[in-house]
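The values are calculated or read from the model by the stated rules, or taken from the named source; none is laboratory data. As the structure is a computational prediction, the values presented were derived from the model and not from experiment. Quick reminder, even Gly has a Cβ in these numbers, built from the backbone with ideal geometry, and neighbours come from all protein chains shown. Heads up: the accessible areas ignore ligands, DNA and RNA and are worked out on the full protein's heavy atoms, side chains in. Shrake-Rupley method; radii C 1.70, N 1.55, O 1.52, S 1.80 Å.
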Amino acid sequence: IWCRKCDLRLLYEEKYSFISRADFWIASANAVVRQTSIDNALDLKETFFWGRKDRDLCQGSGERLPQAKSCNEIEDVFLRNMGLEWKDAVALMGGHTLGRGDRDFSGHHGTWVDTDEDAQIFDKGYYEALFVNSWRPRNMGEKNQDWTTGKGESTRVMLNTDMCLVFDIEEHVERKIPCCSRTNIHYPNGQNQCIDQEAARSRCPMYSRSDSRRTATEAVQDMLGGSISSKNNAPFYIAFAKAWRKATTVGQDNLSPLVKRC
């Protein structure tokens with residue numbers, strides 16, 4: 001999205017080059033969230049601080065992002081390195097409700113939510129999908145191992161770093177033992193929605209109440225806004241705004257708030 005002739009870069013160079021690229025990228029992300037949230041309800045203007053400095057080189061910056069392996073990545077990046085809490089991390093992961101993975105870029109293919117249309121709406125659909133679908137491993141034992149749901153060549157995806165917010169999958173992934181998140185759901189013809197027979201025989205366990213990652217599961221449940229079927233996005237929106245402000249200002253000492261004008 002930042003090639004020489006890419007629309008976003010052209011917009012920056014034509015109208016906004018008086019601010020740093022870093023500030024522009026944050027402001028652009030804020031705009032996308034507002035425009036795709038229900039009724040434009042999530043306006044992140046109050047969370048925006050400016051004054052970031054650009055650098056042409058930042059060695060190792062890509063390695064600071066969580067890899068799609070396990071919740072160890074979430075803990076290392078969001079909790080330890082950035083000083084966030086589990087609820088913050090869970091809220092930020094809700095950004096997966098937008099867009100899709102592409103096997104040609106990441107090796108992971110599909111949308112986190114039901115359809116491409118749903119993947120253009122910033123709402124709590126990501127958290128609903130974690131609970132209502134029968135997720136099974138895909139490409140087990142391979143570098144691009146992830147999770148999918150549905151029949152045939154499925155266009156749905158969850159990463160290990162998504163699934164581990166609710167399900168204790170670490171041992172299953174390490175030992176290459178398939179499990180399915182919901183083993184009790186069937187299609188009208190009687191076929192188990194886990195599809196894979198081996199996965200259907202083992203339901204992915206959830207965390208015990210004494211497990212520190214249980215806090216992540218409880219945060220996911222909070223994001224549902226009371227129930228899976230509710231239209232209440234407020235808990236997610238409030239938590240995301242708080243987490244986004246932390247994530248976009250951490251390590252910055254000289255940022256300034258926007259000046260309010262009449």
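Between ASP43 and LYS260, 0.36 nm times their residue separation minus their Cα-Cα distance comes to what?
Numbers: separation 217, 0.36 × 217 = 78.12 nm, distance 1.48 nm.
So the chain would gain 76.6 nm between ASP43 and LYS260.
Would you grab the residues whose amide H sits under 5 Å from the one on SER37? Only those 5+ places off in sequence or on another chain, please, with H modelled 1.01 Å from N.
LEU42, PHE122
Taking the alpha-carbon centroid of each part, what is the distance from the stretch 15-55 to the stretch 144-168 in angstrom?
30
Are there GluC sites (Glu not before Pro) in the stretch 94-178 that DSSP puts in a loop and that have at most 12 other Cβ atoms within 10 Å, and which ones? Don't skip to the end; give the middle numbers.
Values: sites: GLU117, GLU128, GLU142, GLU153, GLU170, GLU171, GLU174; in loops: GLU117, GLU142, GLU153.
Qualifying residues, ordered by number: GLU117, GLU142, GLU153.
Assign one of three labels to the stretch 102-210, namely rounded, prolate or oblate, based on the Cα gyration tensor with a ≥ b ≥ c the square roots of its eigenvalues; rounded applies when a/c is under 1.5, prolate when it is not and a/b is larger than b/c, and oblate otherwise. Intermediate values should be presented prior to the final figure.
Working: a/c = 1.27, a/b = 1.17, b/c = 1.09.
Verdict is rounded for the stretch 102-210.
Please give the per residue volume of the convex hull enclosing the alpha carbon atoms of the chain, rounded to a whole number of Å³.
Details: hull volume 42.0 nm³, N = 262.
Once divided by residue count, the hull of the chain is 160 Å³.
Roughly how big is the chain's charge dipole about its Cα centre, with Cβ charges of +1 (Lys, Arg) and -1 (Asp, Glu), in debye to the nearest 20?
Working: 36 positive and 37 negative charges, 73 e Å.
Here the size comes out at about 360 debye.
How many percent of the alpha carbon pairs in the stretch 51-129 exceed a separation of 15 Å? Numbers along the way, then the final one.
On the way: 2052 of 3081 pairs.
The calculated P(r) of the stretch 51-129 puts 67 percent of pairs beyond 15 Å.
How large is the accessible surface per residue of the stretch 138-220, computed with a 1.4 Å probe and reported in Å² as a whole number?
Numbers: 4260 Å² over 83 residues.
Per-residue accessible area for the stretch 138-220 comes out at 51 Å².
Only loop residues by DSSP count here, and only those with at most 15 other Cβ atoms within 10 Å; note down the chymotrypsin sites (Phe, Trp or Tyr not before Pro) in the stretch 97-174 that meet that.
When the chymotrypsin sites (Phe, Trp or Tyr not before Pro) of the stretch 97-174 are filtered for loop state and at most 15 Cβ neighbours within 10 Å, PHE105 remain.
So how strong a dipole does the stretch 98-188 carry about its Cα centre when Lys and Arg Cβ are +1 and Asp and Glu Cβ are -1, to the nearest 20 debye? Each step should come with its number before you reach the end.
Numbers: 11 positive and 16 negative charges, 70 e Å.
The dipole of the stretch 98-188 has a size of about 340 debye.
Which one of ILE228, GLN193, TRP50 is farthest out on the positive end of the charge dipole of the chain, using unit charges on Cβ (Lys, Arg +1; Asp, Glu -1) and the Cα centre as origin?
Checked the options; the winner is TRP50.
Rounded to the nearest Å, what's the spacing between the alpha carbon centres of the stretch 204-258 and the stretch 71-138? Just the number, please.
Cα centroid to Cα centroid, the span is 12 Å.
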